Amino acid sequence: MSHRVTLIPGDGIGPEVTGAARRVVEAAGVEVEWEVHDAGAVVMEREGTPLPDRVLESIRHTRTALKGPITTPVGTGFRSVNVALRQGLDLFAAVRPALSLPGVRSRFEGVDLLIVRENTEDLYAGIEFRAGSSELDALRERLRALGPFEVPHDAGVTVKPISVTGTRRIVHFAFDLAQRFGRRRITVGHKASIMPHSDGVFLAVATADAAHYPDVEFEELEIDEMALTLASEPERLDVLLLPNLYGDIVSDLCAGLVGGLGLAPGANIGWEYAVFEPVHGSAPDIAGRGLANPVATILSAAMMLDHLHEPEGAGAVRAAVRQVLAAGETRTPDLGGTAGTEAIADAIAGAAARIRERGGDAGDG
Ligand code: ATP
């Protein structure tokens with residue numbers, strides 16, 4: 001069966017890494033008809049918007065997208081394309097595995113974390129008040145009357161809403177995911193002691209609703225304690241359930257624990273649509289030079305194949321990545337090698353095709 005998938009190459013290294021992932025998916029024997037749509041800086045120049053309607057329409061039609069990183073052009077007045085996509089398609093859950101890989105040097109071994117980040121609320125809600133604006137003057141007056149809360153005259157303000165409804169759905173999503181993938185424990189990260197009415201809501205809803213899932217252990221950690229645990233004994237943690245901003249920060253931290261941003265895959269998932277993309281950004285410092293590590297995007301594509309009910313294809317892609325990294329001959333510069341994006345994509349595509357031909361990864365090390 002052929003799948004229709006929207007492919008958004010993105011900016012910077014995006015076209016290089018998504019091109020590599022596309023090749024690997026095809027080599028793994030999964031038939032995909034790609035609907036390719038540009039978004040970001042490329043279209044901004046041509047059409048005056050970084051996110052034309054047809055991109056969202058395509059995803060509403062295909063329900064699934066593979067996406068490269070997109071940088072929001074600074075100073076154009078547009079909000080982040082990534083945030084707009086997540087909110088426009090209600091992709092309320094970001095799922096980001098951080099798994100130690102063979103042949104990759106990192107500080108820890110045996111790391112196997114799964115980050116579930118709430119994707120729509122918190123300081124990302126876009127409720128912003130510019131310092132010196134009349135709107136902020138009005139808000140300051142109102143707060144003074146209500147609180148009294150004093151906002152310094154030269155401050156800017158970002159509002160942090162965290163709702164019961166928004167938390168409840170991410171909590172249920174995280175527990176369902178944990179059950180499906182046989183994970184043992186969920187740890188919620190928060191700072192409820194300082195922000196009782198935002199992080200406190202997140203913690204209270206998670207604690208209450210965890211009771212519906214007696215077969216998955218539940219614990220809570222203040223976000224600073226979680227940072228310490230991740231930096232000292234990450235193997236102690238399993239699934240991390242986080243509000244939006246902490247989830248963003250902890251995702252990069254966890255990528256660093258297992259070898260860097262070039263290896264960290266991700267998915268943005270809602271009830272109806274799913275967009276798969278690496279955790280990293282557009283890496284303008286290495287863009288267009290054929291040096292980017294495509295593994296994060298290739299592993300994001302493997303998550304996509306699971307989502308499309310193509311477990312053999314997903315398994316072949318993951319086994320091929322492990323095989324090539326373990327062999328150690330083909331590595332990009334971020335992993336200490338000299339190979340380019342094309343060379344590692346070729347090696348992984350070749351391995352995936354061989355694994356698929358043999359009907360599995362037995363004997364591939
Ligand atoms: P953003 O704000 O979009 O996250 P950024 O520039 O802060 O962008 P990245 O684009 O993720 O962050 O890049 C951070 C660093 O990691 C850069 O030095 C970049 O070259 C490196 N990097 C990111 N992704 C890759 C990759 N796939 N392969 C190699 N290096 C990468």
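Yes or no: ASP306 part of a helix (DSSP H, G or I), free of Cβ contacts under 8 Å to residues at least 12 places away in the same chain and either more than 10 Å from the ligand (Cβ to nearest atom) or of a type outside the set (Ser, Thr, Tyr) (or both)?
The answer is yes for ASP306.
Quick check: is even one residue across the stretch 240-249 within 26 Å of LEU308 (Cβ to Cβ), polar (S, T, N, Q), in a helix (DSSP H, G or I) and in contact (Cβ under 8 Å) with a residue 12 or more places away in the chain?
no
Out of ASP252, ASP238, ASP248, report the one residue that is surrounded by fewer than 18 Cβ atoms within 10 Å (Cβ to Cβ), touching a strand residue (DSSP E or B) at 6+ places or on another chain (Cβ under 9 Å) and within 21 Å of PHE92 (Cα to Cα).
ASP238
Go through (1) farther than 12 Å from VAL25 by Cβ; (2) assigned to a helix (DSSP H, G or I); (3) away from the ligand (no atom under 12 Å from the Cβ) and name the single condition THR330 misses.
(2)
Between a first residue in the stretch 112-137 that is without any contact (Cβ under 8 Å) to a residue 12 or more places away in the chain and a second residue that is of a type outside the set (A, V, I, L, M) and surrounded by 13 or more Cβ atoms within 10 Å (Cβ to Cβ), which pairs have beta carbons less than 7 Å apart while being 6 or more apart in sequence or on different chains?
So the pair list comes out as GLU135/PHE129.
Answer yes or no: is there a residue in the stretch 213-221 that is free of Cβ contacts under 8 Å to residues at least 24 places away in the same chain, outside any helix (DSSP H, G or I) and of a type outside the set (Val, Ile, Thr).
Looking through the stretch 213-221, at least one residue is free of Cβ contacts under 8 Å to residues at least 24 places away in the same chain, outside any helix (DSSP H, G or I) and of a type outside the set (Val, Ile, Thr).
Kindly indicate which of ARG354, ARG322, ARG318, ARG289 is within 16 Å of the ligand (Cβ to nearest atom), basic (Lys, Arg) and modelled with pLDDT of 95 or more.
Criteria check complete, one pass: ARG289.
Go through the stretch 52-81 residue by residue and tally those that are within 16 Å of the ligand (Cβ to nearest atom), in contact with a Lys or Arg (Cβ under 9 Å, 6 or more places away or on another chain) and at pLDDT 90 or above.
1
Could you grab me the full set of residues in the stretch 198-210 that are closer than 16 Å to TYR246 by Cα and surrounded by fewer than 17 Cβ atoms within 10 Å (Cβ to Cβ)?
Once the filter is applied, which keeps residues that are closer than 16 Å to TYR246 by Cα and surrounded by fewer than 17 Cβ atoms within 10 Å (Cβ to Cβ), the stretch 198-210 yields only GLY200.
Give the residue that is farthest from the ligand (Cβ to nearest atom), with candidates limited to residues of the stretch 259-272 that are surrounded by fewer than 22 Cβ atoms within 10 Å (Cβ to Cβ) and of a type outside the set (A, V, I, L, M, F, W, C).
For the stretch 259-272, the residue satisfying everything is GLU272.
Somewhere in the stretch 258-267, is a residue assigned to a loop (DSSP other than H, G, I, E, B) and more than 20 Å from the chain's Cα centre (by Cα)?
no
Quick one: in the stretch 324-365, of everything that is among the basic types (Lys, Arg) and crowded, with 19+ Cβ neighbours inside 10 Å, which residue is nearest to ILE286 (Cα to Cα)?
Per the criteria, the residue is ARG331.
For the stretch 1-72, which fully contained helices (runs of 4 or more DSSP H) count at least 1 residues that are under 22 Å from the mean Cα position of the chain (by Cα) and touching a residue at least 60 places away in the same chain (Cβ under 8 Å)?
Answer list for the stretch 1-72: 14-27, 53-62.
Give the residues of the stretch 278-323 that are of a type in the set (Gly, Ala, Ser), touching a helix residue (DSSP H, G or I) at 6+ places or on another chain (Cβ under 7 Å), surrounded by fewer than 24 Cβ atoms within 10 Å (Cβ to Cβ) and within 22 Å of GLU357 (Cβ to Cβ), sorted by residue number.
ALA314, ALA319
Would you tally the residues in the stretch 86-145 being among the hydrophobic types (A, V, I, L, M, F, W, C) and in contact with a helix residue (DSSP H, G or I) (Cβ under 8 Å, 6 or more places away or on another chain)?
Qualifying residue count, the stretch 86-145: 17.
Considering only residues that are more than 14 Å from the ligand (Cβ to nearest atom), under 14 Å from THR71 (Cβ atoms) and either among the acidic types (Asp, Glu) or surrounded by fewer than 20 Cβ atoms within 10 Å (Cβ to Cβ) (or both), which ones fall in the stretch 8-42?
ASP38, VAL42
The values are calculated or read from the model by the stated rules, or taken from the named source; none is laboratory data. Being a predicted model, the structure only gives us computed values, none of them experimental. Here Cβ is always computed from backbone atoms with ideal geometry, including for glycine, and neighbour counts include all displayed protein chains.
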